[in-house]
Amino acid sequence: NAGVMQNPRHLVRRRGQEARLRCSPMKGHSHVYWYRQLPEEGLKFMVYLQKENIIDESGMPKERFSAEFPKEGPSILRIQQVVRGDSAAYFCASSPNSGLVPGEQYFGPGTRLTVT
Amino acid sequence: DAKTTQPNSMESNEEEPVHLPCNHSTISGTDYIHWYRQLPSQGPEYVIHGLTSNVNNRMASLAIAEDRKSSTLILHRATLRDAAVYYCILRNPLQVIQGAQKLVFGQGTRLTINP
């Protein structure tokens, strides 16, 4: 049973370009979360999605960032017109359900974005 | 979100037990206590969680104080592979109902294991 997959693992973009980060959740999981870890800082929640719906985007920057989780295919985190401050590790996590007991989230290996 | 307080760092020796403390004095009656860890250059991984009773699994044990204002993650026999940042996180089912399932990570405790 493959875990959460993220690609690419490393991404280099020049200022002003677009970055697309992909996340394939674990099989059978319909909930996806994106977190960002800036250098020497802690992990910060960005967005929580279910298939075709954004449930909680309270951690998403207001501009340039968007996320989707289509009916078919991976979840995509898109960063337009990247700036040096976007350089970070971006982690995706998935979970199987939203039962009343908060369950564990399974994290991918992350995409390390470097903006030059 | 209820706040947790952990020491910034701890050090232990290989094959010895490690007790990682977490204070959560403002915990509500419905908050679950979760622990995650992040090994170097990897994504976080779930370790254990509990509500009131002590919990054991293959990775660790979780000891919860009777008043629930603190808890301790216990690694019974540390290995070099246990060197990581350990996060204590409170999660509330009421927030799950409201659709907020995010994990709120603090700074965690950086655990160093000496060979």
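Where a number appears in this text, it was derived from the coordinates with a stated rule and is not lab data. What you see is a predicted model, and the numbers here were worked out from it, not measured in a lab. Cβ placement follows ideal geometry from the backbone for every residue including glycine, while neighbour counts extend to all protein chains displayed.
Scaled to the globular estimate 2.2 N^0.38 Å, the Cα spread of chain B, given as radius of gyration, is 1.03. With contacts taken as Cα pairs under 8 Å and at least 6 residues apart, segment B:41-115 reaches a relative contact order of 22 percent.
A:VAL47: net charge of surrounding residues, Cβ under 13 Å, Lys/Arg +1, Asp/Glu -1, itself excluded? Its environment carries a net charge of +2. Overall, chain B carries a charge dipole of about 280 debye about its Cα centre when +1 sits on the Cβ of Lys and Arg and -1 on the Cβ of Asp and Glu, all other atoms neutral.
B:SER41 sits among other residues whose Cβ lies under 11 Å from its own Cβ, and their net charge, with Lys and Arg +1 and Asp and Glu -1, is +2.
Counting helices only, and only those DSSP H runs with n ≥ 4, report the 222 nm mean residue ellipticity of the protein assembly as shown as the sum of -39,500 (n - 2.57) divided by its residues, in deg cm²/dmol to the nearest 500. About -500 deg cm²/dmol. Over chain A, consider all pairs of different Cα atoms and compute the Kirkwood hydrodynamic radius from their mean reciprocal separation; express it in Å, one decimal. Kirkwood hydrodynamic radius for chain A: 14.2 Å. Summary of the geometry: segment B:55-95 and segment A:49-76, compared by the centres of their Cα atoms, lie 30 Å apart.
Rounded to the nearest 0.05, the FRET efficiency derived from the C-beta distance between A:SER87 and B:LEU80 at R0 = 30 Å is 0.50. Between B:SER41 and B:GLU14, the modelled label-to-label distance comes to 2.0 nm, taking each label 7 Å out from Cα in the direction of the beta carbon.
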